[in-house]
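Below is one structure, written out as structure tokens, with a few remarks after it.
The values are calculated or read from the model by the stated rules, or taken from the named source; none is laboratory data. Being a predicted model, the structure only gives us computed values, none of them experimental. All Cβ positions, glycine included, derive from the backbone under ideal geometry; neighbour counts span all protein chains shown.
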Amino acid sequence: MNIGVIGTGQIGEVIIRKLRGAGYSVKMANSRGPESLKYLAATTGTMPASVEQVVQDVDMLFIVVPQKAIPELPKGLLSKAKRDTIVIDVGNYYPFRDGRIDEIENGLTESVWVERQIGRPVVKVLNTIPSKALMAAGCPAGSRDRVALPISGDNTKAKEIVAQLIDRIGFDSVDAGTIAESWRQQPGSPVYCTNPTKEELQKWLKNVDRSSLVTNREKGTKALFAVEHRDHRTGALIKRADYQTTVNAHRSVHHEIMNSK
Ligand SMILES: NC(=O)c1ccc[n+]([C@@H]2O[C@H](COP(=O)([O-])OP(=O)(O)OC[C@H]3O[C@@H](n4cnc5c(N)ncnc54)[C@H](OP(=O)(O)O)[C@@H]3O)[C@@H](O)[C@H]2O)c1
């Protein structure tokens, strides 16, 4: 399978490393152009490309840019992709980072907003796992406490193909429903950055309270910032917490659901 990745930042780079580790052929693009990707290309065997090139002739395309960058992608970009390319949305909306997006603030599901921006259906996956956990927590199928990821989208066949890929990179998955229902895996959900097992994921997906997502997203961010090393004046990140600490911070927001039978 040939794969394209737009965005080579914190999570994009890890996705590339995991895909290459599983033997997929990958090309990648960022905002600064192929020249800036020489080191990552040399260390991973990934082909650097422009954003226009990276969407072409791929079976799957991961979009891994901050939400605010989605409208900045070239107009009509996805018309250069094959009709059956599976487009993956890995993104999350954080107003402190992305600025205010009115449609999402007014209740539109984040990935539906992405679909409207790019003019193509998406499958939502990998948005719920912190980059360090994605790098370190994968393990073979059948392993005890294997982490599971939700997959949302309207195309069942596409979701099955994505589930096979997720298994190959070391994770279980659960079909979380349609893209309109993918708010269940947005920030503030008990399945977000909490590294659930498959059993936990199935149970917690049923218990997501949409009206609490924003409050819980803010609580999760606060809990995370409390355990990360930040400049106390500017708030700039100095050192990320290890992934188990990150996961525990997010879990602390949802202890009621997590402790219910
Ligand atoms: N970090 C995580 O642990 C994590 C986990 C799950 C999901 N996510 C979500 O994934 C998305 C990306 O997060 P991140 O932490 O990886 O962000 P990041 O470290 O800031 O990286 C963003 C990447 O997007 C690229 N980019 C930005 N605008 C672009 C444009 N117009 N065209 C092409 N490339 C562009 C950047 O290019 P340059 O390199 O040239 O600047 C960079 O490679 C966010 O929505 C985030 O919420 C993050």
Being among the β-branched types (Val, Ile, Thr) and within 17 Å of residue 133 (Cβ to Cβ) is the filter here; which residues of the range 7-27 pass it?
11, 14, 15, 16
Some residue of the range 235-254 being more than 15 Å from the ligand (Cβ to nearest atom) and touching a strand residue (DSSP E or B) at 6+ places or on another chain (Cβ under 7 Å)
yes
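Here is a yes/no grid of residues against (1) among the aromatic types (Phe, Trp, Tyr); (2) away from the ligand (no atom under 16 Å from the Cβ):
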{"site": "139", "(1), (2)": "no, yes"}
{"site": "144", "(1), (2)": "no, yes"}
{"site": "162", "(1), (2)": "no, no"}
{"site": "183", "(1), (2)": "yes, no"}
{"site": "195", "(1), (2)": "no, no"}
{"site": "201", "(1), (2)": "no, no"}
{"site": "206", "(1), (2)": "no, yes"}
{"site": "210", "(1), (2)": "no, yes"}
{"site": "218", "(1), (2)": "no, no"}
Within the set of pairs 6+ apart or on separate chains, which have a first residue in the range 19-37 that is closer than 15 Å to residue 166 by Cβ, a second that is within 11 Å of the ligand (Cβ to nearest atom) and assigned to a helix (DSSP H, G or I), and C-beta atoms under 9 Å apart?
none
Wholly enclosed strands (runs of 3 or more DSSP E) of the range 1-118 bearing at least 1 residues within 8 Å of the ligand (Cβ to nearest atom)
2-6, 25-29
Scan the range 195-206 and give yes if some residue there is among the aromatic types (Phe, Trp, Tyr), closer than 26 Å to residue 146 by Cβ, surrounded by 17 or more Cβ atoms within 10 Å (Cβ to Cβ) and at pLDDT 95 or above, otherwise no.
yes
Residues (of a type outside the set (S, T, N, Q), assigned to a loop (DSSP other than H, G, I, E, B), farther than 30 Å from residue 107 by Cα and without any contact (Cβ under 8 Å) to a residue 40 or more places away in the chain) located in the range 232-252
232, 233, 241
Do we have residue 223 as crowded, with 16+ Cβ neighbours inside 10 Å, at pLDDT below 95 and of a type in the set (A, V, I, L, M) here?
yes
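Any residue that is without any contact (Cβ under 8 Å) to a residue 60 or more places away in the chain and closer than 20 Å to residue 122 by Cβ - is there at least one of those in the range 209-218?
Yes - at least one qualifying residue is present in the range 209-218.
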